[in-house]
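Undergrad: The structure's right below; bear with me while I get my questions together.
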Amino acid sequence: MKCTMCGAVPTGCEGCPIGSSIFVSQSLAALVPGQRATVRRLAAGSPADLRKLLALGLLPGVELEVQRRWPAVVLKLDCATVALDAALAGAVIVALAA
Amino acid sequence: MSTAVRPAPQEKSASLARLVLVGAPNVGKSALFGRLTGIYAVVSNYPGTSVEIMRGRFASGGRDVDVIDTPGMYALLSISEEERVARRAAVNDEPQTIVHVVEAAHLERSLPMTLQLLSLGRPVVVACNLLDEARRERRAPDLAMLSERLGVPVVGTVATTGEGVEALLAAALAAEVPVDGWSLPEPFSPLVTQLVQAAGTEGRGGFRLAAELALSGDEASEREVRAASPCWSEVAAARDQRWTSAEGFAVAVATARRRMALALLDGVLPGGGDVADGGARMLDRLALSPWTGIPIVALVLYFGFYKFVGGFGAQTAVDWLDHVVFTRWVAPIAGAATALIPWSAARDLVNGPYGLINLGLRYAFAIVLPIVTAFFLVFALLEDSGYLPRLALLLDRALKKVGLSGRAVIPLVLGFGCNTMATLVTRTLETRRERVIATLLLALAIPCSAQLGVVLGILSAWPGAVVVWGLVLVLVFLTVGRLAALFLPGAPPSFYLELPRLRAPRLGNVLRKTGARVRWYFAEILPLFLLASVLLWAGDLTGVLQWATAALVPLVRLIGLPAQAAPAFLYGFFRRDFGAAGLYDLAHRGLLTPAALTTAAVTITLFVPCIAQFLVMRKERGLKVAVGVLVAATTIAFTVGGLVGWLLRSVGGWA
């Protein structure tokens with residue numbers, strides 16, 4: 001697997017401009033129901049999309065569980081249930097929980 | 001939706017206290033407002049019920065208290081117009097106490113905004129609402145501990161029962177400016193401070209917040225700060241150097257506040273996992289999966305709308321009110337009373353075929369009232385259960401095809417009750433493009449409950465006709481929506497929604513809400529109905545009516561209807577439901593064949609929006625859009641109606 005930020009195969013964190021310790025990550029849209037993950041980064045295409053993600057409570061460091069991905073993505077986070085479409089979910093880069 | 005009641009007078013007095021209720025959508029602000037002021041604001045179980053600011057005043061201990069209820073907002077960095085409206089009400093330089101209403105079980109989601117509000121330098125009180133649900137889920141927070149840490153009063157409330165409301169009011173009236181403003185930590189605060197100092201506005205908490213929002217990319221705040229702070233460009237450059245953009249800054253600030261909030265909550269929230277209600281979770285799964293969700297929609301439509309609104313409301317109740325109450329009781333009394341009037345023209349105005357009683361009152365009370373009441377009752381049950389957000393999710397993909405998102409479900413479904421009300425609610429949609437498409441589809445393809453009820457009532461003898469009528473409407477909805485989505489410029493919509501818990505509707509609220517809506521509706525339509533009957537009476541007297549009807553006859557004949565149908569179309573200009581009620585009369589006199597009935601039903605459903613709807617369209621969308629919708633709806637109605645009539649007449653058994 002490659003790092004979604006720079007495309008390099010991760011060998012370590014030294015010198016990475018992002019400064020995160022987890023490099024192998026994927027978009028929330030790729031997760032299946034039952035999977036737990038932590039939000040790493042928001043890659044929203046527009047300021048408006050970013051505000052929607054913030055409004056739902058999706059912030060770096062937030063832990064979530066995917067409950068459903070069809071007809072829209074449904075997540076459990078902070079004991080709340082939120083729904084978002086695949087396009088918005090694609091902008092949330094997460095790291096799977098171990 | 002809420003309707004603004006009695007705007008408070010502007011003058012201020014020393015004994016006047018002002019409270020503004022602020023908080024995320026669907027946490028119970030309107031319910032608290034109702035408890036405090038005794039004024040009913042529509043309360044539902046879905047985010048975005050209130051679209052307008054409501055004000056109420058009452059006296060408490062010799063002081064006048066003004067309470068302001070605002071539309072919900074997830075954050076002060078606003079997404080939609082309603083959130084901007086709410087922010088302006090909360091964040092301004094008026095002396096007022098902010099009551100931050102939060103959901104007790106979801107403190108980690110709302111506390112960051114509390115911290116943001118504290119930085120305003122105004123008295124703040126936190127109302128931990130829905131405490132009963134939090135207790136049931138064993139997630140009730142330690143309010144005393146939280147209050148001590150925050151440095152402001154934290155009061156637990158259950159707005160639906162009134163628990164804690166008095167304590168909240170007492171705390172709010174005694175609240176003082178907090179000592180700790182909870183300003184942002186190190187890397188952020190110097191930038192904000194620099195902007196504030198350059199503008200010379202150290203004493204204004206509102207400006208400090210504006211500076212933070214401007215740096216986070218809020219356009220309105222940026223204009224304000226840019227004008228006041230000469231160093232804006234340098235500060236923005238410093239921000240971009242560290243966080244690359246306003247968005248990067250916004251995420252970093254939100255993350256920092258969340259961290260502060262979580263630290264504050266350590267020990268305040270009880271440990272242990274979330275005790276979810278297994279039954280509710282199962283229901284949720286059934287409502288959200290397309291396999292079971294679509295059959296559930298069909299059941300709701302069949303029993304709630306077809307059987308209850310169309311069957312009980314539009315047939316049983318209408319028949320009784322029209323045939324028993326009006327024909328047997330009102331008509332003879334009115335006849336006897338008006339016989340005493342010596343002038344025949346005046347007699348006609350009261351009791352003639354277009355008179356105030358026969359057209360105005362009978363249409364309003366005997367035909368429209370039972371149908372509309374039945375609809376609002378079913379709608380209130382759906383709202384309060386929390387089913388509508390699930391329906392929004394289920395239909396999101398389908399609505400994307402017509403340029404809308406699942407969020408449009410709420411105005412669209414409400415449109416089946418009253419298109420005028422629904423057009424007001426399209427304000428909750430995010431982009432202008434979505435609002436225009438929703439306005440057009442409401443005006444065109446969504447029949448209001450009076451139309452729906454009357455049409456279903458008339459067509460019920462021919463199930464085939466109901467099916468044809470329904471299919472035509474769905475087809476027009478999809479085609480016109482698809483075309484509008486293709487040709488209207490703008491970004492495609494996106495769907496994001498917090499799903500509220502499924503809750504058992506509370507009968508008291510359902511009844512109060514239905515009552516409030518029916519009253520609103522009647523205040524809106526009754527004057528129009530009466531005005532219409534005066535105009536029709538005057539038109540009849542002067543011959544203008546005959547002339548206007550004659551002018552409509554060729555158009556009516558063109559789509560294959562008898563000339564007697566023309567007046568129903570004329571009525572439709574006044575109110576959609578008025579036209580439908582005219583059709584009801586026509587059908588009862590047995591003047592229409594199944595083909596003609598179906599044609600008339602299709603045309604009158606698609607036909608022009610009523611005057612009230614037109615006025616709201618003009619107010620909300622502007623004259624250009626309103627006229628455009630009017631022209632499009634009329635053209636499409638007669639084209640589609642003519643086509644349907646022509647097709648049906650060529651099929652055996654319909655003519």
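The values are calculated or read from the model by the stated rules, or taken from the named source; none is laboratory data. Everything numeric in this text was worked out from a predicted model, so none of it was measured. We place every Cβ from the backbone using ideal geometry, glycine too, and count neighbours over all the protein chains shown.
Undergrad: Hey, can you tell me all the residues within the range B:418-469 that are over 30 Å from B:Arg84 (Cβ atoms), among the small types (Gly, Ala, Ser) and under 25 Å from the mean Cα position of the chain (by Cα)?
TA: B:Ala445, B:Ser449, B:Ala450, B:Gly453
Undergrad: Okay, next question. Looking only at the range B:323-337, decide whether some residue is surrounded by 12 or more Cβ atoms within 10 Å (Cβ to Cβ), in a helix (DSSP H, G or I), touching a residue at least 40 places away in the same chain (Cβ under 8 Å) and in contact with a Phe, Trp or Tyr (Cβ under 7 Å, 6 or more places away or on another chain).
TA: Within the range B:323-337, none of the residues are surrounded by 12 or more Cβ atoms within 10 Å (Cβ to Cβ), in a helix (DSSP H, G or I), touching a residue at least 40 places away in the same chain (Cβ under 8 Å) and in contact with a Phe, Trp or Tyr (Cβ under 7 Å, 6 or more places away or on another chain).
Undergrad: Conditions first: (1) within 12 Å of another protein chain (Cβ to nearest Cβ); (2) assigned to a loop (DSSP other than H, G, I, E, B). B:Glu108 passes all but one, so which condition is the exception?
TA: B:Glu108 satisfies all of (1) within 12 Å of another protein chain (Cβ to nearest Cβ); (2) assigned to a loop (DSSP other than H, G, I, E, B) except (2).
Undergrad: Does A:Thr11 qualify as being more than 24 Å from B:Ser216 (Cβ to Cβ), within 12 Å of the chain's Cα centre (by Cα) and modelled with pLDDT under 70?
TA: no
Undergrad: Residue check, B:Ala612 against (1) in a helix (DSSP H, G or I); (2) at pLDDT below 80; (3) closer than 16 Å to B:Ile458 by Cβ, all met but one. Which one?
TA: Unmet for B:Ala612, out of (1) in a helix (DSSP H, G or I); (2) at pLDDT below 80; (3) closer than 16 Å to B:Ile458 by Cβ: (3).
Undergrad: Okay, next question. Which count do you get for residues in the range B:445-496 that are farther than 22 Å from B:Gly403 by Cβ, among the hydroxyl-bearing types (Ser, Thr, Tyr) and surrounded by fewer than 21 Cβ atoms within 10 Å (Cβ to Cβ)?
TA: Final tally of qualifying residues: 1.
Undergrad: Only one residue in B:Glu108, B:Glu94 is among the acidic types (Asp, Glu) and over 13 Å from B:Leu19 (Cβ atoms), so which one is that?
TA: Answer to the check: B:Glu108.
Undergrad: Now for a separate question. Any idea which of B:Leu488, B:Leu478 is modelled with pLDDT of 90 or more, within 23 Å of the chain's Cα centre (by Cα) and away from chain A (no Cβ under 14 Å)?
TA: Going through B:Leu488, B:Leu478 in turn, just one is modelled with pLDDT of 90 or more, within 23 Å of the chain's Cα centre (by Cα) and away from chain A (no Cβ under 14 Å): B:Leu478.
Undergrad: Going by the conditions given, is B:Ala287 within 23 Å of the chain's Cα centre (by Cα), in contact (Cβ under 8 Å) with a residue 40 or more places away in the chain, part of a helix (DSSP H, G or I) and surrounded by 13 or more Cβ atoms within 10 Å (Cβ to Cβ)?
TA: It is true that B:Ala287 is within 23 Å of the chain's Cα centre (by Cα), in contact (Cβ under 8 Å) with a residue 40 or more places away in the chain, part of a helix (DSSP H, G or I) and surrounded by 13 or more Cβ atoms within 10 Å (Cβ to Cβ).
Undergrad: On the given criteria, is A:Leu84 buried (at least 23 other Cβ atoms within 10 Å of the Cβ), within 7 Å of chain B (Cβ to nearest Cβ), modelled with pLDDT of 90 or more and closer than 29 Å to B:Thr292 by Cα?
TA: yes
Undergrad: So for the range B:515-527 (the condition being among the acidic types (Asp, Glu) and within 27 Å of B:Leu394 (Cα to Cα)), does at least one residue qualify?
TA: Looking for residues that are among the acidic types (Asp, Glu) and within 27 Å of B:Leu394 (Cα to Cα), one finds none in the range B:515-527, hence no.
Undergrad: Restricted to the range B:199-218, and to residues that are modelled with pLDDT under 90 and over 19 Å from B:Thr114 (Cα atoms), which residue is surrounded by the most Cβ atoms within 10 Å (Cβ to Cβ)?
TA: Once the filter is applied, the top-ranked residue is B:Ala199.
Undergrad: Which pairs do you get when a residue that is assigned by TED's automatic domain parsing to the domain that holds B:Thr634 and assigned to a helix (DSSP H, G or I), found in the range B:593-604, comes within reach of a residue that is at pLDDT 85 or above and among the aromatic types (Phe, Trp, Tyr), reach meaning Cβ atoms under 8 angstrom, with the pair 6+ apart or on two chains?
TA: Within 8 Å, the pairs are B:Thr598/B:Trp469; B:Ala601/B:Trp469; B:Val602/B:Trp469; B:Thr603/B:Phe638.
Undergrad: Of the conditions (1) buried (at least 21 other Cβ atoms within 10 Å of the Cβ); (2) out of contact with any strand residue (DSSP E or B) (no Cβ under 6 Å at 6 or more places or on another chain), B:Gly61 satisfies every one except a single condition; which number is it?
TA: (1)
Undergrad: For the range B:257-283, how many residues meet the condition of being crowded, with 19+ Cβ neighbours inside 10 Å, touching a Pro at 6+ places or on another chain (Cβ under 8 Å) and at pLDDT 90 or above?
TA: Going through the range B:257-283 one residue at a time, the tally reaches 4.
Undergrad: Can you find, within the range B:548-583, the residue that is modelled with the highest pLDDT among those that are surrounded by 24 or more Cβ atoms within 10 Å (Cβ to Cβ) and not in a helix (DSSP H, G or I)?
TA: B:Leu561
Rundown of residues vs (1) in a helix (DSSP H, G or I); (2) buried (at least 23 other Cβ atoms within 10 Å of the Cβ), yes/no style:
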{"site": "B:Phe375", "(1), (2)": "yes, yes"}
{"site": "B:Phe379", "(1), (2)": "yes, yes"}
{"site": "B:Leu382", "(1), (2)": "yes, no"}
{"site": "B:Arg390", "(1), (2)": "yes, yes"}
{"site": "B:Leu393", "(1), (2)": "yes, yes"}
{"site": "B:Arg397", "(1), (2)": "yes, no"}
{"site": "B:Gly403", "(1), (2)": "no, yes"}
{"site": "B:Arg407", "(1), (2)": "yes, yes"}
{"site": "B:Pro411", "(1), (2)": "yes, yes"}
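Undergrad: Determine which single condition B:Pro411 fails, assuming it passes every other condition in (1) within 30 Å of B:Leu570 (Cα to Cα); (2) at pLDDT below 90.
TA: If we test B:Pro411 against (1) within 30 Å of B:Leu570 (Cα to Cα); (2) at pLDDT below 90, just (2) comes out false.
Undergrad: Please list, ordered by first then second residue, the pairs with beta carbon atoms under 6 Å, 6 or more apart or interchain, first in the range A:54-79 and facing chain B (nearest Cβ under 7 Å) and more than 11 Å from A:Thr38 (Cβ to Cβ), second crowded, with 22+ Cβ neighbours inside 10 Å and hydroxyl-bearing (Ser, Thr, Tyr).
TA: Partner pairs satisfying both residue conditions: A:Ala55/B:Tyr74; A:Leu56/B:Tyr496.
Undergrad: Turning to a different aspect of this structure: Got a number for residues in the range B:396-407 being over 21 Å from B:Arg503 (Cα atoms) and within 13 Å of chain A (Cβ to nearest Cβ)?
TA: The number of residues fulfilling the criteria is 8.
Undergrad: Moving on. Taking A:Cys16, is it within 11 Å of chain B (Cβ to nearest Cβ) and either at pLDDT below 90 or under 30 Å from B:Glu219 (Cα atoms) (or both)?
TA: No.
Undergrad: Closer than 20 Å to B:Ala250 by Cα and facing chain B (nearest Cβ under 7 Å) - does that describe any residue in the range A:88-97?
TA: yes
Undergrad: Can you name the residue in the range B:90-105 that is closer than 19 Å to B:Arg122 by Cα and at pLDDT 85 or above and, of all such residues, is nearest to the other protein chains (Cβ to nearest Cβ)?
TA: Here the answer is B:Val102.
Undergrad: Looking at this structure, is B:Leu630 under 32 Å from the mean Cα position of the chain (by Cα), farther than 23 Å from B:Asn358 by Cβ and not basic (Lys, Arg)?
TA: Considered against the rule, which asks whether it is under 32 Å from the mean Cα position of the chain (by Cα), farther than 23 Å from B:Asn358 by Cβ and not basic (Lys, Arg), B:Leu630 comes out as yes.
Undergrad: Name the single residue, out of those in the range B:284-327 being assigned by TED's automatic domain parsing to the domain that holds B:Pro505 and of a type in the set (D, E, K, R), that is nearest to B:Ala134 (Cα to Cα).
TA: Step by step, filter the range B:284-327, then rank; the result is B:Lys307.
Undergrad: Still on this structure, please answer the following. Could you figure out which of (1) free of Cβ contacts under 8 Å to residues at least 60 places away in the same chain; (2) in a helix (DSSP H, G or I) isn't true of B:Gly490?
TA: (2)
Undergrad: Go through the range B:497-509 and report how many residues are more than 14 Å from every other protein chain (Cβ to nearest Cβ) and either under 30 Å from B:Ala600 (Cβ atoms) or buried (at least 20 other Cβ atoms within 10 Å of the Cβ) (or both).
TA: Summing the residues that are more than 14 Å from every other protein chain (Cβ to nearest Cβ) and either under 30 Å from B:Ala600 (Cβ atoms) or buried (at least 20 other Cβ atoms within 10 Å of the Cβ) (or both) in the range B:497-509 gives 1.
Undergrad: Next question, about the same structure. Which members of the range B:54-67 meet the condition of being farther than 10 Å from B:Thr37 by Cβ and touching a Lys or Arg at 6+ places or on another chain (Cβ under 7 Å)?
TA: Answer for the range B:54-67, where residues must be farther than 10 Å from B:Thr37 by Cβ and touching a Lys or Arg at 6+ places or on another chain (Cβ under 7 Å): just B:Asp64.
Undergrad: For the range A:29-53, enumerate the residues that are at negative phi and more than 11 Å from every other protein chain (Cβ to nearest Cβ).
TA: A:Ala29, A:Ala30, A:Leu31, A:Val32, A:Gln35, A:Arg36, A:Ala37, A:Thr38, A:Arg40 - these are the residues of the range A:29-53 that are at negative phi and more than 11 Å from every other protein chain (Cβ to nearest Cβ).
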